[in-house]
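Everything below concerns the one structure shown next.
Quick note: the coordinates plus some simple rules give every number you see, no bench work behind them. The shown structure was predicted, so the numbers you read here are calculated from the model rather than taken from an experiment. Counting neighbours? That spans all protein chains shown, and the Cβs are built from the backbone with ideal geometry, glycine included.
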Amino acid sequence: MTLTNFSSKSNFYFKSFKKERLMLWELIRINSKTYTRKLISIILFFLLWEFLCWIDFNFIINFVFVPTPVEVINAFIQFINDSPWVHFKASILRVIGGFISGSILGIFVGLLIGSSKVLEDLLATPLELLRPIPAVAWIPLAILMFPDAESGMYYITFVGAFYPILISTQKAVENSLSDRLMIRVGQSLGANSFQLFKDIIVPSSLPGISAGLVIGMGNAWFCLVTAEIIAGRFGIGYKTWESYVISEYPPIVMGMVLIGLMGAFSSFVVLKITDSFMPWRTISKDGI
Amino acid sequence: MNQNVLTRTKGKVVIDNISISYSSRNEQIYALKDISATINPGEFVCILGPSGCGKSSLLNGIAGFVNPSNGKISLDNKEIIKPSPEMGMVFQQYSLYPWKTVKENISFGPSINKKGDESPEEIAAKFLDMIGLSKYANHYPNELSGGMQQRVGIARALANYPDVLLMDEPFGALDSQTRIIMQENLLKIWREFKITVVFVTHDIDEAVFLADRILLMSTLPGKIKRDLKIDLPRPRDKETTDSKRFIELRQICHSLIREESIKAFEKQNQ
C-alpha cells in the first residue's frame, strides 16, 4: 500500500550520497581553516607573554617577576625528568573521583528537584546555602570531617564538580517539563508518567546536563590546587603550591599551565562523550 | 470496501452540550459555549473557523488535554477525561522527538501500548513504507523537510491504530504545493484505514476538499454556526477543485466565515 511517488526513490538515494561526500570535503576545508586560526592565536599568545617579560613591562600589572615561557619550559623538562607520573596519577585520580561522584549525585538530585516541587522545597534551600561557599573555605572542615587527607581532597574536587552539574540538570529538567507540546505528544501516544520521564524529559534535558558536566569537569580541576593544599607530597596542585611556598616561580607557572591543559583536555573528552549520546544534534553558528 | 464502511462501529465521537472556559484576569472567558455534535465512525469532519474561534480548544477537548467546564465528550460511549492512544493526534507544529530517529518516533507509541502480534519495529517499517520514507528510517527529524516531518507525524499517530485521528492544522506550515499533495495522500490513508478524522483548519479550500462534513464555527464565544454536508463525489483529486459544486460550497463557507471574521475583528477592537 505504498503511496505513490513523492519522488523517485533511486534519485533520492543518489542525491543524498552525493551530498554527503560534498559535506565531508567541506568539513575538512572549514576545519583546516579553524585549526590554522587556533594555532596562530596560541603562537601569538606565547610571543606576547615573552615580549612583556623581555621589556620588563610594569604598568598596573608587573611582569618583572613573571617567568618567561622559556623558563617555564625548562622547569617542565626538569619536572619530567624527576618522576612526574606520581604527581599526574595522584591529581588525575582526585579529579576523576570528585567528578564522577559529583556527576552521579548532581544528576540524580538535579533530576529529583527539577521534576518535583516537594523535593525542591525540601532539598534546594540547604543546597543553595552551601553552594556559594568557595572550595578554599572548606579546607578546615574537610580536614576535620574526613578520616584521612585523601578523602578530604576528593571532597573538595567533588564540591567543585557537583554544583554546576546539579544546577544545569535541574534547570534542563524544568525546561523540558514546561515544553507542553512534547508532553502532549507523549500523552496522546499513551505514555504514562514514568515513560514520559524516561523517553521525553531525560533525553530532552541531555544538552543541558552535558553543559553541566563540561563545566563540572573544569571546576574539579579548578579546585585541585585547593584540595592539594590540605596535605600530601604528590600532585600537580601540590607541586604548584609548594613552589610558591619556597618562592620558586617557574614551576608555579608550569603547574598552572599543566592544570589548564589537563582541565581543557578532560573537558573536551567529556564534551565528546556526551555528544556521542546526542547524535541528533546539529550545531550551526552560521545563522547569526 | 463498502462492507467495511458499513461494519465500522468504533470511532464515534459525541460532543454533548459542552463549554470550555478559562479565566483571564479574574474574568471567566468562554472559548466554547454549548456545543453539541455527533461525529460518526469513519467520517471525515473538518472544523472550520477564523482564528480565535475556539476550534483548537474543541480539538483539545476531544483529545482529552482540556476538560470541558460542563457537558461531556465521549468516544464510543466512554467519557473522555484524559488523552488516550485510542485517539491519535497530529499537531500543528513539527512535533517529532528530535532525539529519536524517524523509525523510533513511529515505533514509540506501539512500544508502550503493546497490542496485537506485530512488533513495534514491524509496525514502524510498515508505516514508513506507506508514507514512502523507508530510506529515511534511521535519519533524525532535523534532517527531513517540513513536509516529510509531517508525514512522519501522521504515521506516528496512526501507528497505535487509533479509532479517531485528530489533526490540528497539520499542513498550516507547509507551502501550498506540498500541502495539496499532503491532502491527497491523507485522503488515501483515510480510505485505507476507514478511520474517523477530525481535522481543524482555517483554510476553506482545504476543508471543502477533504471533508464529508464541515462544522463551521462562530466566534466569541465559539459555537457551531452551521453543519454543512459536503456532497462532492469521492475519490477526490485535482479535478474536484475545478467542479462547479466545489466552487459553490466554497462560496457558502466563504460568506459565513467572512461574517464571523468581521464580527471577531470588531469585537477585538472595541
Notebook entry, point to check: Which percent of the Cα-Cα distances in the protein assembly as shown go past 39 Å?
Noted result: 47 percent
Next item on the list: Please report how far the C-alpha centroid of region A:28-56 lies from that of region A:163-216, rounded to the nearest whole angstrom.
Entry: 40 Å
Checklist line | Set B:K55/B:K115; A:K117/B:K114; B:K12/B:K194; A:K117/A:K272; B:K126/B:K188 screened for pairs whose C-alpha atoms are more than 23 Å apart | finding: B:K55/B:K115; A:K117/B:K114; A:K117/A:K272
Check: Could you state the principal axis extents of the C-alpha atoms in region A:184-232, from the largest down, to the nearest angstrom?
Finding: 58, 16, 9
Next item on the list: Run the numbers on region B:151-204 and let me know its relative contact order in percent, using alpha-carbon pairs under 8 Å that are six or more apart.
Entry: 52 percent
Margin query: Tell me the relative contact order for chain B as a rounded percent, counting alpha carbon contacts under 8 Å between residues six or more apart.
Written below: 25 percent
Checklist line | Ordering of A:45-58, A:169-182 by burial proxy (mean other Cβ atoms within 10 Å per residue, highest first) | finding: A:169-182, A:45-58
Note to self: Explain nothing, just compute: Karplus ³J(HN,Hα) = 6.51 cos²θ - 1.76 cosθ + 1.60, θ = phi - 60°, for every residue of region B:140-148 in order, whole Hz, x for Gly and Pro.
What the structure shows: 8, x, 6, 8, 10, 6, x, x, 5
Next item on the list: Show which aspartates and glutamates lie in cross-link reach of B:K238 when reach means a straight Cα distance below 14 angstrom and same-chain residues fewer than eight apart are skipped.
Entry: B:E184, B:D205, B:E206
Check: So what are the ³J(HN,Hα) numbers for region A:100-112, from phi and the Karplus equation (6.51, -1.76, 1.60; θ = phi - 60°), rounded to whole Hz, Gly and Pro as x?
Finding: 5, 5, x, 5, 4, 5, x, 5, 4, 5, x, 4, 5
Notebook entry, point to check: What spacing in nm lies between the two simple spin-label points modelled at A:L123 and A:Q195, each 7 Å away from Cα in the Cβ direction?
Noted result: 2.6 nm
Margin query: List the residues, sorted by chain then number, that are 5 or more residues from B:M217 or on another chain and whose placed amide H is less than 5 Å from its amide H.
Written below: B:L48, B:G49, B:K225
Checklist line | Of the trypsin sites (Lys or Arg not before Pro) in region B:71-150, those whose Cβ has at most 15 other Cβ within 10 Å and which sit in DSSP loop | finding: B:K114, B:K115
Notebook entry, point to check: Using modelled amide H (1.01 Å from N, peptide plane; none on Pro or chain starts), what sits under 5 Å from the amide H of B:F44, excluding residues fewer than 5 places away?
Noted result: B:V197, B:D212, B:R213
Check: So what is the calculated 222 nm ellipticity per residue for the protein assembly as shown, using -39500 (n - 2.57) for each DSSP H run with n of 4 or more, over all residues, to the nearest 500 deg cm²/dmol?
Finding: -19000 deg cm²/dmol
Next item on the list: With a point put 7 Å past each Cα toward its Cβ, work out how far B:R258 is from A:I60 in nm, to one decimal.
Entry: 7.0 nm
Item checked: Estimated vicinal HN-Hα couplings, Hz - region B:81-97 in sequence order (Karplus 6.51, -1.76, 1.60; Gly, Pro = x) -> 10, 8, x, 8, x, 5, 10, x, 10, 10, 8, 5, 7, 6, 10, 5, 6
Checklist line | Sparse-neighbour loop sites [GluC sites (Glu not before Pro); region A:194-288; at most 15 other C-beta within 10 Å; DSSP] | finding: A:E248
Notebook entry, point to check: What dipole magnitude, in Debye to the nearest 20, does region B:1-109 give about its Cα centre under +1 on Lys/Arg Cβ and -1 on Asp/Glu Cβ?
Noted result: 180 debye
Note to self: From Cα pairs below 8 angstrom and at least 6 apart in sequence, can you work out the relative contact order of chain A, rounded to a whole percent?
What the structure shows: 21 percent
Next item on the list: Using the charge dipole of the protein assembly as shown (Lys, Arg: +1 at Cβ; Asp, Glu: -1 at Cβ; taken about the Cα centre), state which of A:N192, A:L119, A:Y155 has its Cα farthest towards the positive end.
Entry: A:N192
